[in-house]
Amino acid sequence: MVKLESKVPEGNLAEKWTNHKFNMKLINPANKRKYDIIVIGTGLAGASAAATFGELGYKVKVFTYHDSPRRAHSIAAQGGINAAKNYQNDGDSVYRLFYDTIKGGDYRSREANTYRLAEVSNNIIDQCVAQGVPFAREYGGTLANRSFGGAQVSRTFYARGETGQQLLLGAYGSLNRQIKNGNVKIYPRREMLDLVIVDGRAQGIIVRNLITGELEKYSAQAVVLGTGGYSNVFYLSTNAMNSNATAAWRAHKRGALFANPCYTQIHPTCLPVHGELQSKLVLMSESLRNDGRIWVPKKKGDTRNPNDIPEDERDYYLERKYPAFGNLVPRDVASRNAKYVCDEGRGVGGGRAVYLDFSEAFERIGKEGVKDKYGNLFDMYQNITGVDPYKEPMQIYPAPHYTMGGLWVDYNLMSNIPGLFVIGEANFSDHGANRLGASALMQGLADGYFVIPYTIGNYFGTEKPEKVDTDRPEFKAAEDNVKDGINKLLSINGSQTVDSLHKKLGQILIDKVGMSRSEKGLNEAIKQIRELRDEFWNDVKVVGTGKELNQTLERAGRVADFLELGELMAVDALNRNESCGAHFREEYQTEEGEALRNDEDYSYVAAWEYIKPGEWELNKENLEFEFVKLATRSYK
Amino acid sequence: MANNHLHLTLKIWRQESPEAKGYFEEFKEEVSPDASILEMLDDLNNRLEAEGKRPVAFESDCREGICGTCGIVINGHPHGSLPKTATCQLHMRNFNDGETIYLEPFRAAAFPIIKDLIVDRSKFDNIQQAGGYVSFNTGSAPDANSIPISKDIADLALDAAECIGCGACVAACKNSSAMLFVSAKVSQFAVLPQGQPERYERVHEMVMAMDESGFGSCTNTYACEAECPKGISVSNIARMNREFLKAEIKIPKLEVKLR
Ligand SMILES: Cc1cc2nc3c(=O)[nH]c(=O)nc-3n(C[C@H](O)[C@H](O)[C@H](O)COP(=O)(O)OP(=O)(O)OC[C@H]3O[C@@H](n4cnc5c(N)ncnc54)[C@H](O)[C@@H]3O)c2cc1C
Ligand code: SF4
Ligand code: FES
């Protein structure tokens, strides 16, 4: 058992962070130079943290498996970033953003973390504008906003459909400035494969140089993981091809608790699966739900061209069931309902897709107006499907997209291993059981620019970790551990490719640990994943050697970790005998088919401790709600 | 089901290491027109791996045309001949049954080949490190709406800022010039108010870094714009040339250096 202390500061919700900042230890500028920090990841979270550490005067080493920090998966975020600026004067406030986020997460997040996220959201927009991020503007020169799911105010800032790109390039610029002035050193094309713990503290990492295959050892006084989410455990997801859980998982195997792994988000507006060679699913930004209306034919198996289906034979099911939020219900609600209508046989042509129709918007703001807002998304749709969405409604279907679960962290974003911090999508902290659109970018940048730069200083000031040498036996042991793993993968020489085994895992997970889960299905999934894991370790074929650029070997290591994580997702989903947010257990639903929470028994964070492959111990952090009243989510 | 698959001959550049001699290897591939060209290579690689052969090394990540990781010269065109499309977005329906397709790495002296279709584009990062930012410390920003920026200017800046750093412009250019890439960043900040304080130092530093990196000079052939997957305009190059001229006049008088 691990003692979980959330370290939430005392005081009123609105004062906690301010008080905490005042009470935390500071490091004087001259002493900051004496502290080395390792940052893994150059996405929004990692790049913003590393740049800010550099500005403060810390000595920073940054690692990424990409060839350049600018390639991190954050670059692909399309829709936007939330902030409580209330520039539209539509009644927004820090409290409302906080409230929407905690409600959207179905009351399964830590109140104080979520509040802090909303509190610093405004600083993020100021920061990014000052960096020269070209956000969308009104004709008068002020910043423009759009609305996103789960909110009734317009608080999302955006740059066409390329918000993530522009924010990441902003952070990349700040990082580059620190690289130039020597405070940050960048190590691209390196994959972290183990965490080194010395006297109970995180003090280093083992990485593989992806060009030469050499293993390298690095030490520091703190290690920060900003390594992203694990949606690729499903094989097909909206994440970039290389996104993976290995850094987080290897830290987990060294003792870091993994929290709420079953909270995985299936995004409602993605392109449907179209072929067996398909390598990833493409997201159409949910901002499209602002102007697009979702419908299916009322009749089952209707194969008519959508333009030939008259208005009164269409079912705008979200508008019908949830009149208050309509097409802007949160993602989990939208996804589940798409699944239901398709299960009923009312999907497009009886298959697994629903329509997203812009004809009403074309009439209201014209095709040009739509093009101005979503032009690149429309182009992308046409490019991929070969169908012109200006002429025929788009077809969409839900796809795995974001993982709310992740390594457990306290209010300071530190895991249960002292000195190991986790930021961005890799941690579990702010979104509870479901994340609202446009709040992942917000969280990544909040963590990196405005939270961890303070809390890491407090760790140094109170714990005073020493510098350690990479000659120590702990480094050698970790390096040997990595070497053994690699040699094992290379020596099996079985008959199945890494991808084909990964596909099998994805199929089990999407069927049984996806949008809808049951006790029976979860038990089956656990059994099948264990069998598949054995199959992998006996029959995988990894060609080439460890001493060269070997992409098959890279993927093999990641899939090996997914095969363990996938089981834990099912174990967690089975443990949670309730439905909340994106976690929907068929046994726990209202008569109307809505998620039925059980606050009495499950108002806790499930933080799993690794014992051995296939065995975990559950640790619970009870969620205390001092300020919000738990209520059944209603978007009707 | 009726099989509308394409039957193709692929001639793919193979090169074990930076020093090794490269050659074209031929493969036969049958593929659905709905697959992307990289999905076709995934399929080929899976087959090669199953046979215990070395798969073709190529890079990609987002597969949505935004991260800039992918990049193959397809039948002589970086990212293929479909305009404004990155390699990962190119679908096989754009090819004909029976066609032979040549796949090669982005070639340029400043982009050494690492393996097969993978090249080293780290020089691009070096140029950005030289000055592709606004010098400004976290936490010191004024309210975002205190700097009004007209929609036209914001749009112009974003048009330039959309560059994905793929390097197709360099591969397309007979001189291997990086002018389009560098000018995109210079332009973004030259038109925005936030970029003004360091306007001239920035262009000076970035152009110096570009020259030191071994990219060639620009002779206005505009091959870069034609192959750029994001449609970055050559007007950015003209702007950078003007900015650079002004900078060279002003810089000796300026004491501030880019930090
Ligand atoms: C298609 C798409 C669209 C999205 N749109 C939006 C949106 O509009 N708004 C919104 O708020 N959110 C959006 N999201 C979610 C959001 O983009 C992500 O949650 C967020 O960008 C994650 O940022 P990050 O910094 O935590 O991780 P990432 O950006 O995933 O970065 C991870 C980094 O870690 C590195 N890394 C990982 N493992 C290792 C290792 N073992 N060794 C070395 N390096 C490693 C990687 O190289 C990379 O640099 C979207 C997501 C997707 C998939
Ligand atoms: S200018 Fe165009 S071709 Fe050149 S790097 Fe940028 S996006 Fe690629
Ligand atoms: S893989 Fe990202 S641009 Fe092609």
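Loop-only check: which GluC sites (Glu not before Pro) in region A:453-506 are DSSP coil with at most 16 other Cβ within 10 angstrom?
Those satisfying the criteria are A:Glu466.
Which one of A:Pro398, A:Gly173, A:Ala202 is farthest out on the positive end of the charge dipole of the protein assembly as shown, using unit charges on Cβ (Lys, Arg +1; Asp, Glu -1) and the Cα centre as origin?
Highest projection toward the positive end goes to A:Gly173.
Roughly how many whole Å is it from the C-alpha centroid of region B:21-86 to that of region A:498-543?
A separation of 28 Å, based on Cα centres.
Give the distance, in whole Å, between the Cα centre of region A:546-614 and the Cα centre of region A:329-392.
After rounding, the separation between the Cα centres reads 30 Å.
How far apart, in nm, are two points set 7 Å out from the Cα along the Cα-to-Cβ line at A:Thr462 and at A:Thr212?
For the pair A:Thr462/A:Thr212, the computed spacing is 4.1 nm.
If you take every residue apart from B:Ser176 with its C-beta less than 15 Å away from the C-beta of B:Ser176, what net charge results, scoring Lys and Arg +1 and Asp and Glu -1?
-1
Starting from the exponent 0.38 and prefactor 2.2 Å, build the expected Rg for region B:104-259 from its residue count and divide its actual Cα Rg by it.
Here the answer is 1.07, to two decimals.
Measure off 7 Å from each Cα along the Cα-to-Cβ vector at A:Asn181 and A:Ile365, then give the distance between these two points in nanometres to one decimal.
According to this spin-label approximation, the distance is 4.0 nm.
What number, rounded to the nearest 500 deg cm²/dmol, is the helix-based mean residue ellipticity at 222 nm of chain B, given -39500 (n - 2.57) per DSSP H run of at least four residues and division by all its residues?
-10500 deg cm²/dmol
Given only helices, namely DSSP H runs of n ≥ 4 each adding -39500 (n - 2.57), what is the per-residue ellipticity at 222 nm of chain A, to the nearest 500 deg cm²/dmol?
Roughly -11500 deg cm²/dmol at 222 nm, from the helical runs in chain A.
Provide the gained length on full extension for the span A:Arg320 to A:Thr632, in nm with one decimal, where the gain is 0.36 nm per separating residue minus the Cα-Cα distance.
Stretched out fully, the A:Arg320 to A:Thr632 stretch lengthens by 110.4 nm.
Provide the gained length on full extension for the span A:Lys620 to A:Arg304, in nm with one decimal, where the gain is 0.36 nm per separating residue minus the Cα-Cα distance.
Computed gain between A:Lys620 and A:Arg304 is 108.5 nm.
What share of the DSSP beta bridges in the protein assembly as shown is antiparallel, in percent to the nearest 5?
Within the protein assembly as shown, antiparallel bridges account for around 70 percent of the total.
Determine Rg/Rh for region A:258-342; Rg is computed over alpha-carbon atoms and Rh is the Kirkwood hydrodynamic estimate from the same atoms.
1.01
Given bins 20 angstrom wide, list per bin the percent of all Cα-Cα distances in the protein assembly as shown, short to long.
Calculated over all Cα pairs of the protein assembly as shown, the distribution is 15, 51, 32, 2 percent.
Can you give me the distance in nm between label points at A:Gln382 and B:Ala50, each placed 7 Å from the Cα along the Cα-to-Cβ direction?
3.7 nm
Counting only Cα atoms, I'd like the Rg/Rh figure for region A:200-328, Kirkwood definition for Rh.
For region A:200-328, the value is 1.16.
Can you tell me what percent of all Cα-Cα pairs in region B:6-114 are more than 23 Å apart?
Within region B:6-114, distances greater than 23 Å cover 24 percent of Cα pairs.
Dividing the convex hull volume of the Cα atoms of region B:27-88 by its residue count, what figure in Å³ per residue is obtained?
99 Å³
Quick one: which residues, 5 or more positions from A:Asp315 or on another chain, have an amide H under 5 Å from its amide H? H modelled 1.01 Å from N in the peptide plane, none for Pro or chain starts.
A:Val296, A:Lys298
Could you pull the Cα extents of region A:1-44 along its three principal axes, largest to smallest, in whole Å?
34, 32, 26
Please give me the summed charge of the neighbours of A:Ser279: other residues whose Cβ is under 13 Å from its Cβ, Lys and Arg +1, Asp and Glu -1.
Combined, the nearby Lys, Arg, Asp and Glu give -4.
Could you give the length gained by full extension between A:Arg530 and A:Glu5, i.e. 0.36 nm per residue of separation minus their alpha carbon distance, to one decimal place?
185.7 nm
How many percent of Cα pairs in region A:72-159 exceed 22 Å?
27 percent
Which values of log₁₀ I(q)/I(0), to two decimal places, follow from the Debye formula for region A:38-83 at q = 0.22, 0.26, 0.32 Å⁻¹ with a uniform point scatterer at every Cα?
-0.76, -0.92, -1.13
Before anything else, pin down the relative contact order of chain A: Cα pairs under 8 Å, at least 6 apart, normalised by residue count, whole percent.
Value for chain A: 20 percent.
Could you list A:Met24, A:Met192 in order of exposure, starting from the residue whose Cβ has the fewest other Cβ atoms within 10 Å?
Going from sparsest to densest Cβ surroundings: A:Met24, A:Met192.
Compute the Rg to Rh ratio over region A:484-630 from the alpha carbon atoms, using the Kirkwood formula for Rh, and round to two decimal places.
1.08
Under 20 Å between alpha carbons: how many lysine pairs meet that in region B:1-121, if sequence neighbours fewer than 8 apart on the same chain are excluded?
Final tally of qualifying lysine pairs is 8.
Just so you know, all these numbers are worked out from the coordinates, no wet-lab data involved. None of these values were measured; they are calculated from a predicted model. FYI the Cβ positions are ideal-geometry reconstructions off the backbone, even for glycines, and counts take in every protein chain you see.
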